[in-house]
Amino acid sequence: MTKKPVIAIDGFSSTGKSSISKIIAKQLGLIHMDTGALYRGITFFALQNCLKEDGTIDIDLVISSLSHIALEFQDIDGELQLFLNGKNINKEIRFPQVSDYVSVIAKQPEIRHFLLKTQREIAEKGGVIMDGRDIGTVVLPNADYKFFMTASQEERTKRRFLELQASGEQIDIDTVKQNLISRDKIDSEREISPLKQAQDAILIDNTNINREETIDLILSYIK
Ligand code: C5P
């Protein structure tokens, strides 16, 4: 049997990376790993355990607490859900408060280093599609296929807003927009593993195509 491929999908927030990767994983029989969930998991831990008196996150405390953080994906009815120290936090990691802080957590070198091993271990056996910001550039530079996803800011804001609304969040569209702008800025400008297109990644702009068309386009490159 030929070895299954390793696919890296990076790109801007709310380009549909995770939902598209999930469907492609099913079609090709691959494991899907949403690496953003891991950064969100640490942020959720930080919001619960590492707040300063003024309500902001004590980054040094988060870093010194890393040895107390066990993040693990479990298959629940065919969907990989994230557990933090044995507790399912799949819903909590999507809370807007987590989105507000996650990029500040994700720019810390110690935290990125902590999560690198988990990500690489999963890809070792092949047969994986991993989505994030630095998968093609840093985590899996030898991936068989690399894609970099983008879409207009307006379209991405609309998608994230509808997604949050559907999950019952009371949030206004401008707050969603500001969060996307701020995260993309921090993610692209950070010193370690910034969000950028790998030289050998294929650019996928899905501003004017829907989810199914984006999936077909990506699959058309995979032999
Ligand atoms: O993919 P998602 O939007 O859930 O990612 C949340 C945040 O996690 C990103 O805005 C980014 O700060 C961080 N992240 C990262 N590297 C990855 C995946 C996510 O820095 N590989």
Looking only at segment 8-44, filter to residues that are among the hydrophobic types (A, V, I, L, M, F, W, C) and more than 14 Å from the ligand (Cβ to nearest atom); which one of those is farthest from Ile186 (Cα to Cα)? Leu28
Against the condition in contact (Cβ under 8 Å) with a residue 60 or more places away in the chain, farther than 25 Å from Phe161 by Cβ and surrounded by 18 or more Cβ atoms within 10 Å (Cβ to Cβ), how does Val102 come out, does it pass? no
Looking only at segment 24-54, and only at residues there that are in a strand (DSSP E or B) and buried (at least 19 other Cβ atoms within 10 Å of the Cβ), the one that is farthest from the chain's Cα centre (by Cα): His32
Residue pairs, Cβ under 9 Å, 6 or more apart or interchain, first in segment 1-27 and within 24 Å of Gln153 (Cβ to Cβ), second polar (S, T, N, Q) and surrounded by fewer than 20 Cβ atoms within 10 Å (Cβ to Cβ). List them. Ile9/Ser18; Asp10/Gln197; Gly11/Thr150; Gly11/Gln197; Phe12/Thr150; Phe12/Gln153; Phe12/Ser188; Thr15/Thr150
Let me confirm something: among Gly168, Gly126, which residue is exposed (fewer than 14 other Cβ atoms within 10 Å of the Cβ), over 14 Å from the mean Cα position of the chain (by Cα) and in contact (Cβ under 8 Å) with a residue 12 or more places away in the chain? Gly126
Picking from Arg94, Arg133, Arg112, which residue would you name as being surrounded by fewer than 17 Cβ atoms within 10 Å (Cβ to Cβ) and within 15 Å of the chain's Cα centre (by Cα)? Arg94
Report, ordered by the first and then the second residue, all pairs with beta carbons closer than 7 Å, sequence separation of six or more or different chains, a first member in segment 175-198 that is exposed (fewer than 15 other Cβ atoms within 10 Å of the Cβ), and a second member that is modelled with pLDDT under 95. none
From Ser67, Ser103, Ser99, grab the single residue that is over 18 Å from the mean Cα position of the chain (by Cα) and assigned to a helix (DSSP H, G or I). Ser67
From the list Gln178, Gln199, pick out the single residue that is part of a helix (DSSP H, G or I) and of a type in the set (S, T, N, Q). Gln178
Condition broken by Pro194, with the remaining ones in (1) assigned to a helix (DSSP H, G or I); (2) at pLDDT 95 or above satisfied: (1)
Being within 16 Å of the ligand (Cβ to nearest atom) and over 22 Å from Asp134 (Cβ atoms) narrows Glu53, Glu79 down to just Glu79
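The values are calculated or read from the model by the stated rules, or taken from the named source; none is laboratory data. Every value quoted in this text rests on a predicted model; they were computed, and no experiment measured them. No Cβ is skipped: glycine too gets one built from the backbone with ideal geometry, and neighbour counts run over all protein chains shown.
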